[in-house]
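The values are calculated or read from the model by the stated rules, or taken from the named source; none is laboratory data. Predicted model only: the values in this text are computed from it and were never measured. Neighbour counts run over all protein chains shown; Cβ positions are idealised from the backbone, glycine included.
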């Protein structure tokens, strides 16, 4: 994973509550086993009309929103089925951070395993962030655990283990490999069966 200590970028605001994984990446696009190639299908049913043409008024289709790296949403983001593809589609589009009121547990865990920083903030803080336009910058400081926008700082909590993973760019395999010597010693001590 790519380390994150601080990230500054522009945001797309989608304040809907209960955005489920079926909307983030519909089931017909789950055939790919790679972590890339999902960006064109992100929010597909909201993003395109029935003939497959982009809806010009949808946030991801607006020219001024291209290059946004922060998504601001409502409560219970990522609910629904437990598809890791939802996180892959967000990161493939270029999002580094999702700020919401809350996240489904499975979506949150998938985010920690795939380098998407999921931050929970209360409604009052998000109401201010929801005013962000395509010309505004938002800074997420993971080291000191705050989101900064127009001179205001909003503290967020994160489990120290997940914080360490993000700051050091560690995935589960990297963490396991820290114990490589112990694993090899254990395997060497195991009896062999000929």
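Test residue 37 against the criterion of being over 11 Å from residue 14 (Cβ atoms), at pLDDT below 95 and surrounded by 12 or more Cβ atoms within 10 Å (Cβ to Cβ), and give yes or no. So residue 37 passes the test. Could you run through the range 5-31 and say how many residues are in a loop (DSSP other than H, G, I, E, B), in contact (Cβ under 8 Å) with a residue 40 or more places away in the chain and closer than 19 Å to residue 107 by Cα? The qualifying residues number 7.
With respect to residue 132, is the statement that it is modelled with pLDDT of 95 or more and either closer than 25 Å to residue 67 by Cβ or in contact with a strand residue (DSSP E or B) (Cβ under 6 Å, 6 or more places away or on another chain) (or both) true?
Criteria met by residue 132.
Taking the range 138-148 as the range and being touching a strand residue (DSSP E or B) at 6+ places or on another chain (Cβ under 6 Å) and crowded, with 20+ Cβ neighbours inside 10 Å as the test, the residues that pass are 138, 140, 147.
Here is the figure for the range 138-161: residues that are under 11 Å from residue 7 (Cα atoms), assigned to a strand (DSSP E or B) and in contact with a helix residue (DSSP H, G or I) (Cβ under 8 Å, 6 or more places away or on another chain) total 2.
Does the range 94-137 hold any residues that are surrounded by fewer than 19 Cβ atoms within 10 Å (Cβ to Cβ) and part of a helix (DSSP H, G or I), and which are they? Once the filter is applied, which keeps residues that are surrounded by fewer than 19 Cβ atoms within 10 Å (Cβ to Cβ) and part of a helix (DSSP H, G or I), the range 94-137 yields 105, 106, 109, 113, 114, 123, 124, 127, 128.
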